[in-house]
Amino acid sequence: MLDLWKVSLRNVGRNKRRSLITIITVFIGVVVVTGTRGLLNGLQGEFRSALTGKVHGDLQIHRRGYQDSLESNPYNILIPYDQGLQQKLKAQPDIMAFSPRLRVMGLLNHQKSQVSTPVFITGIDPEQELKVCPRLQDAVQFGQMMDPRKEESSSAAPAEDLEEAVGLDARTSTAVVATEGPKAGGFHQIMVTPALQRGLKAAIGDEIVLLLQDRNNMQQAVIARLFGVVDYGLPNMNARMAWMDFRTLQKTLHLDEETSEIALRVRDQGRVDAIKEELSRALDSAYFVETWLDLSPFFRDIMGLQNIVFGAVLVIIFVIVIAAIVNTSLMTVMERTREIGTLMALGYRRKHILLLFLGEASVIGLTGGVAGVVFVAILMSILGRIGIVMKLPGQQVATVLYPQVHPTFIALVLGLAVGSALVAGLLPAWRASRMKPVQALGST
């Protein structure tokens with residue numbers, strides 16, 4: 001058997017041109033498949049990183065029926081955010097950080113342009129939010145992240161501080177009293193999406209009035225300054241979104257220790273599904289824990305479709321590789337007919353001829369496969385450090401992809417390369433082993 005391998009290796013070296021063509025075919029197939037998977041991993045990794053690091057966190061806790069009631073009646077799905085719940089979350093060793101969020105519908109009015117638009121308002125605790133979604137800071141394209149230390153509650157001046165002025169109406173010569181209403185104080189911050197900023201025609205620092213309906217169906221107004229513009233850099237994200245301080249929004253809506261959702265960051269993202277199950281058992285049945293994929297069905301479906309398309313591409317590429325190897329190997333068999341006859345005359349049996357050609361195919365597949373995976377590994381290592389800047393459809397800002405290929409997939413592709421070469425070599429090897437020695441020696 002060892003002699004057959006030596007002869008196979010020698011024959012590959014003897015037929016340099018055809019062997020090189022076949023090796024290059026395998027090499028290209030491996031590079032295309034592995035490189036495509038690396039780019040796809042980079043894209044899906046960016047989706048995951050952006051969704052968990054900017055938008056959702058790794059997990060979220062809601063009340064059951066959250067998605068159905070969020071727009072129609074956001075006060076029906078509030079959950080208590082008290083010390084008891086916080087202690088339960090702190091007791092979970094897999095949870096690194098958690099942050100409460102309030103979500104309600106509101107109306108924004110830009111004072112300068114007098115443009116109004118309905119929006120989703122999300123109240124966040126900036127300090128806690130950055131622990132759960134550390135990339136949110138990177139999503140602030142203009143202005144800056146809200147600073148809770150700059151928030152100042154509104155207050156009204158006492159009645160005794162109001163000044164009274166007496167004037168004379170020239171037309172009636174009657175004394176009239178002019179009083180000045182309560183003076184509103186405080187300072188509030190708000191962040192909006194780029195689409196909202198353009199629609200409102202607002203600039204950083206402009207005054208924006210936020211109109212809300214509290215849980216008692218009373219209209220409330222908050223005057224805030226545009227502090228930042230947030231762009232998640234993800235397609236299909238809601239463009240009508242605004243953010244303000246959690247405690248300010250909570251006070252405005254007359255809510256006490258209640259929130260719409262709690263976002264969480266876990267220590268090991270690979271165990272997010274297991275942590276979800278553990279947390280669900282630890283919490284009351286009224287709570288519902290969801291992963292970032294549960295909260296992003298659009299991206300979940302997109303990534304699933306991408307994987308299906310990639311699987312089809314992988315099959316097509318290796319079918320082309322097999323066809324190319326079969327064609328080249330059949331031509332090699334025809335050129336080596338007398339050699340095959342000589343080997344049979346020397347005592348080689350048909351199974352030896354079959355194994356000889358399969359050995360040559362495996363050497364070609366292994367050589368092309370190893371060369372391909374080494375090339376791709378080096379390329380992915382370089383691109384994984386410097387990244388690839390590209391603008392995806394629906395994005396306002398460019399995305400940096402960091403391609404990466406898992407060693408398991410590299411091993412799989414290498415196995416497919418050798419396996420494809422063996423499959424491709426079966427027909428030529430079988431034809432070579434079926435030759436009759438006399439006819440083979442008599443061929444020209």
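Of the strands (runs of 3 or more DSSP E) that lie entirely inside the range 212-292, those containing 3 or more residues that are over 20 Å from residue 81 (Cβ atoms) and assigned by TED's automatic domain parsing to the domain that holds residue 73 span 219-230.
Where residues in the range 98-120 are over 16 Å from residue 199 (Cα atoms) and in contact with a Leu (Cβ under 7 Å, 6 or more places away or on another chain), which of them is surrounded by the most Cβ atoms within 10 Å (Cβ to Cβ)? Out of the qualifying residues, it is 102. Filtered by the rule that a residue be in a helix (DSSP H, G or I) and basic (Lys, Arg), the range 10-64 gives 10, 14, 16, 17, 18, 37, 48, 54. In the range 405-419, the residues that are of a type in the set (Phe, Trp, Tyr) form Cβ pairs under 9 Å with partners that are crowded, with 21+ Cβ neighbours inside 10 Å, at six or more places apart or across chains, as follows: 409/34; 409/37; 409/38.
From the list 333, 363, 319, the lone residue that is under 26 Å from residue 30 (Cα atoms), in the same structural domain as residue 31 (by TED's automatic domain parsing) and at pLDDT 85 or above is 319.
Selection of the range 288-322 for residues being among the small types (Gly, Ala, Ser) and crowded, with 19+ Cβ neighbours inside 10 Å yields only 296.
The single residue among 53, 65 that is of a type in the set (Gly, Ala, Ser) and in contact with a helix residue (DSSP H, G or I) (Cβ under 7 Å, 6 or more places away or on another chain) turns out to be 65. In the range 29-39 there is at least one residue matching the filter, namely being modelled with pLDDT of 90 or more and under 30 Å from residue 137 (Cβ atoms).
When residue 284 is tested against the conditions (1) more than 17 Å from the chain's Cα centre (by Cα); (2) in contact (Cβ under 8 Å) with a residue 40 or more places away in the chain, the lone failure is (2). Apart from one condition, residue 220 fits all of (1) in contact with a Phe, Trp or Tyr (Cβ under 7 Å, 6 or more places away or on another chain); (2) at pLDDT 85 or above; (3) farther than 14 Å from residue 243 by Cα; (4) surrounded by fewer than 17 Cβ atoms within 10 Å (Cβ to Cβ); the exception is (1).
Quick check on the range 223-246. Is at least one of its residues among the small types (Gly, Ala, Ser), modelled with pLDDT of 90 or more and in contact with a His (Cβ under 9 Å, 6 or more places away or on another chain)? The answer is yes, given that some residue of the range 223-246 is among the small types (Gly, Ala, Ser), modelled with pLDDT of 90 or more and in contact with a His (Cβ under 9 Å, 6 or more places away or on another chain).
Among the candidates 92, 128, 83, 114, which residue alone is in contact with a Pro (Cβ under 9 Å, 6 or more places away or on another chain) and among the polar types (S, T, N, Q)? Answer to the selection: 128.
Of all residues in the range 204-224, those satisfying the criterion of being out of contact with any helix residue (DSSP H, G or I) (no Cβ under 8 Å at 6 or more places or on another chain) and of a type in the set (A, V, I, L, M, F, W, C) are 204, 209, 210, 211, 218, 221, 223, 224.
When 105, 146 are checked against the criterion of being closer than 22 Å to residue 250 by Cα and either in contact with a Phe, Trp or Tyr (Cβ under 6 Å, 6 or more places away or on another chain) or among the β-branched types (Val, Ile, Thr) (or both), 146 stands alone in meeting it.
The values are calculated or read from the model by the stated rules, or taken from the named source; none is laboratory data. None of the values given here were measured: they were computed from a predicted structure. FYI the Cβ positions are ideal-geometry reconstructions off the backbone, even for glycines, and counts take in every protein chain you see.
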